[in-house]
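In what follows, a single structure is set out as structure tokens and then discussed.
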Amino acid sequence: MHGAVSLGVKLASATAAICTVIGFAYDWGVTGGSATRRSVGTFGATWVGLTPAVDTMKAIGDTLHMAATVTDKRGTAIVGLETKWSVDHPEVAAVNPDGTVIAESPGSATILVTLGTLNARAAIIVRPVSAVVHVASDSAVTIPEGTAHAVSARSTDVRGHVLAGRAIHWHSADTTVVGIDSTGNLVGIGAGHTTVTATIDGVSADAPVTVSPVAGALAVVEGDKQHAAAGASLPQPVVVLLVSRRGRPLAGQTVHLRRIDATASGDFGAVTTDANGKARVAWRLTDVPGRQRLEATVDGVDSAVCRWGVWGGARRERSADSGHGFSDFAGDLLIKGHQLGGTLADIGCEGLCLDLPGSALHGRAAAGTISDRKAFAHIESCSAGVFDRVSDP
């Protein structure tokens, strides 16, 4: 009896042990029909696959999780196996131990997963797509008329990484203001405002461009060669015209003035051009007898000079035959009587000898020839040659 009980206990223990082994084998997929099972090492694994097999990453820094699948000969997935990950071009993409792929730079790479002698591959293409275009560092551009200036454009992906080597297509909204070639060289054609557009990978951006006028010429157009007494105001204002290199009147430009007489020179302030490019100056002559000038200047442009004949010492700008007296061809001189008191008269800062043989004044008394106010001195050019070395302005 005791032996029978002992045998029963042993059989029960053996049965329990067998059940435990069977359950363990079932749990690890050695037997049974479970859809998944666990394995020890690579025991029972016959196939490894990767998903997705091909994928494209559109921004530097993008991530993609790849899944490795291991099955046995019946197609049952085996879980819990330790796989190894690697990539053939780590400069293009990196892969973490959990199968996470990170885009590093444009290009293509192959992701490899290994389990014992089994392996699987997946193709990764890193192809960043332009999301934003930046022209001239996102700032406005100002160039002088008639000059060239290079502008640049770049595109970035959705993560803000700069994409190099992309083709840029340029366009000017107004080619009468600015032109631009395929390399981004701007040319200021005419003063004004417009925009240039850069397009990269179908994404566009604009940049405002201002072409500033450049002074090309300054000229006296009214009020030149007037005559007035020393210390008096000219009858009419002096008008200067400022135009650009393309001949367009320039408004709002500062014209600097400088006056010059026989003894000194000095600044005479500044005026501003109007909508027609003109600036007007009301001019009062100095008290110094002699030829006086007003110089108008604009930065980068040759000065414009206006001259006046002044009663009391200046030679007229245009000499003409007076028609008074025999062989009188030299013209008129505007002089004061007291200037003829000696043998040398200062006329417009030029020396004139009154004792030249053949002169109309030779041997005459100043009081009998010249009034106290003003006089026309007639010089015989054929013999005196007074103007031989005096050039007209």
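Just a few scattered comments:
- Any chance VAL203 is aliphatic (A, V, I, L, M), under 34 Å from the mean Cα position of the chain (by Cα), surrounded by fewer than 18 Cβ atoms within 10 Å (Cβ to Cβ) and over 17 Å from VAL305 (Cβ atoms): yes
- Scanning the range 219-230 for residues that are surrounded by 15 or more Cβ atoms within 10 Å (Cβ to Cβ), hydrophobic (A, V, I, L, M, F, W, C) and either more than 18 Å from ARG248 (Cα to Cα) or not assigned by TED's automatic domain parsing to the domain that holds LEU241 (or both) yields ALA228, ALA230.
- Assessment of the range 113-132 against the conditions (touching a Gly at 6+ places or on another chain (Cβ under 8 Å), within 30 Å of ASP72 (Cβ to Cβ), at pLDDT 95 or above and of a type in the set (Val, Ile, Thr)) yields at least one matching residue.
- In the range 75-97, the residues that are part of a loop (DSSP other than H, G, I, E, B) and either farther than 24 Å from LYS58 by Cα or free of Cβ contacts under 8 Å to residues at least 12 places away in the same chain (or both): GLY75, THR76, GLY80, LEU81, GLU82, THR83, ASN96
- ALA53 touching a His at 6+ places or on another chain (Cβ under 8 Å) and not assigned by TED's automatic domain parsing to the domain that holds ALA164: no
- Tabulated pairs, the range 276-294, first closer than 16 Å to PRO237 by Cα and free of Cβ contacts under 8 Å to residues at least 60 places away in the same chain, second among the acidic types (Asp, Glu) and in a loop (DSSP other than H, G, I, E, B), C-beta under 7 angstrom, 6+ apart or interchain: THR286/ASP261; GLN292/ASP261
- Only one of the listed residues (ARG121, ARG154) is in contact (Cβ under 8 Å) with a residue 60 or more places away in the chain and among the charged types (D, E, K, R). That residue is ARG121.
- The range 171-187 - residue that is without any contact (Cβ under 8 Å) to a residue 24 or more places away in the chain and farther than 16 Å from SER152 by Cβ and, of those, surrounded by the fewest Cβ atoms within 10 Å (Cβ to Cβ): THR176
- Pair list, Cβ < 6 Å and 6+ apart or interchain, from the range 190-202 residues that are in contact (Cβ under 8 Å) with a residue 12 or more places away in the chain to residues that are part of a strand (DSSP E or B) and surrounded by fewer than 17 Cβ atoms within 10 Å (Cβ to Cβ): HIS193/THR210; THR195/ASP206; THR195/PRO208; THR197/HIS171; THR197/SER204; THR197/ASP206; THR199/HIS169
- Hits in the range 159-218 (condition: hydroxyl-bearing (Ser, Thr, Tyr), touching a Pro at 6+ places or on another chain (Cβ under 6 Å) and within 28 Å of LEU241 (Cα to Cα)): SER212
- Scope the range 156-193; condition farther than 22 Å from SER130 by Cβ, assigned to a strand (DSSP E or B) and among the small types (Gly, Ala, Ser); matching residues: GLY179, GLY188, GLY192
- When the residues of the range 270-294 are filtered to those that are assigned to a strand (DSSP E or B) and at pLDDT below 90, the one that is nearest to LEU218 (Cα to Cα) is LEU294.
The values are calculated or read from the model by the stated rules, or taken from the named source; none is laboratory data. Small disclaimer: the values here were computed from a predicted structure and weren't measured. Neighbour counts run over all protein chains shown; Cβ positions are idealised from the backbone, glycine included.
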